[in-house]
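Below: the structure, in structure tokens.
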């Protein structure tokens, strides 16, 4: 058992340390973080804004890309085709992907 300077037990793990535990308890770390934020909030806000922009860009890219799983599900919808049947024809998957992209493009223009 490892104790923090404040006397509370340290339970949070940290694989960088030899014993595998953090140096301080979570409540002490929270106090340190809150104090640092109150002293100078701008770097933290800028880092959060940068992270949010990155995540938004990543989500847009993910939506733009159309996965094989999604295309196969679209091909199976309303038919008796199975996944094994569809996988045998990669050109079918690619053609359906292009159709989906064209539909999305037409919808975004209007």
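All of the numbers you see were taken from the coordinates with simple rules; none came from a lab. What you are looking at is a predicted structure, and each value in this text was computed from that prediction instead of being measured. Because the Cβ atoms are built from the backbone with ideal geometry, glycine has one as well, and the counts that use them run over all protein chains shown.
Going from the residue with the fewest nearby Cβ atoms within 10 Å to the one with the most, 108, 67 rank 108, 67. Equivalent-ellipsoid semi-axes for the stretch 1-64 (Cα gyration tensor, √(5λ), whole Å, largest first): 33, 18, 8. Expressed as a fraction of 2.2 N^0.38 Å, the value expected for a compact globular protein of N residues, the C-alpha radius of gyration of the chain is 1.94. Stokes-Einstein diffusion of the stretch 66-109 at 4 °C, 1.567 mPa s viscosity, Kirkwood radius from Cα pairs, rounded to a whole number: 120 µm²/s. Only helices enter the 222 nm calculation for the chain: every DSSP H run of n ≥ 4 contributes -39,500 (n - 2.57), and dividing by all residues gives -21000 deg cm²/dmol, rounded to 500.
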